[in-house]
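The structure under discussion appears below in the form of structure tokens.
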Amino acid sequence: KVATMEPSDSRDVMNGHRARVFAAQYHPLQGHVFITGGWDDTVQYWDDRDQHSFRKFYGPHICGDSLDIDPAHNHILTGSWRKEDTLQIWDFLSGEKIKDVPQDNLHGSLIYTAQWLGRDCIVCGGTDQNMARIIDRGTLNTVGQLVDLPQGVYCLHSDPGHTSKPRVAIGASN
């Protein structure tokens, strides 16, 4: 263990999480900076040389690995385990929400996992409809999906080395 990051003892200052943390992501271009999200409906910004977070924004209810940073656009993708506003895109520098990604009309899902899929897509998965979905970043339309899986999708990862035909590993059930 090199360091422990945590909120201060003061209840008047929220400079760290007050509930479970489920996702962490280093910024690909800012060596010491990372973000975290969890049950307290905040995304916290950290510098791994300091004990407390230095910035936050409110909104996402993160219950899995559903936090990702796109270094090309400096955007954050969040996935929330809730009925509405499950996928959102945020500006990294300001913490301002850029847009809500609409739910699929036929197969909505409570999101456990989400990430950028190359420069052009988003991939996410969750429960309720037990599905994984690929979304075109420009149109926000679903371009691929797996639905009615035996259980929810709790994890996924894409292979960035295959840009013309990206591969995605999806974890659901056993």
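The values are calculated or read from the model by the stated rules, or taken from the named source; none is laboratory data. Since the structure is predicted, the reported quantities are computational estimates derived from the model, not experimental observations. Quick reminder, even Gly has a Cβ in these numbers, built from the backbone with ideal geometry, and neighbours come from all protein chains shown. We work out accessible area using only protein heavy atoms, side chains counted, and drop any ligands, DNA or RNA first. Shrake-Rupley method; radii C 1.70, N 1.55, O 1.52, S 1.80 Å.
Remarks
- The chain: C-alpha gyration tensor shape, a/c 1.5 cut-off, then a/b vs b/c: prolate
- For region 50-86, the list of chymotrypsin sites (Phe, Trp or Tyr not before Pro) that fall in a loop by DSSP and count at most 14 other C-beta atoms within 10 angstrom reads Phe54.
- Percent accessible area from carbon and sulfur atoms, the chain, protein chains only, probe 1.4 Å: 50 percent
- Pairs of Lys in the chain closer than 30 Å at Cα, counting only those 8 or more apart or on different chains: 8
- In terms of packing, defined here as the mean over residues of other Cβ atoms within 10 angstrom, the peptides 9-22, 35-48, 84-97 line up highest first as 35-48, 84-97, 9-22.
- The candidates His32, His61, His27, His157, arranged from most to least accessible area with a 1.4 Å probe in the full protein assembly, appear as His157, His32, His61, His27.
- Whole-Hz couplings from phi, Karplus 6.51/-1.76/1.60, listed for region 51-68; x for Gly and Pro: 7, 10, 5, 10, 7, 7, 9, 9, x, x, 9, 8, 10, x, 7, 10, 8, 8
- Gyration tensor (alpha-carbon) shape descriptor, region 1-77, a/c threshold 1.5: oblate
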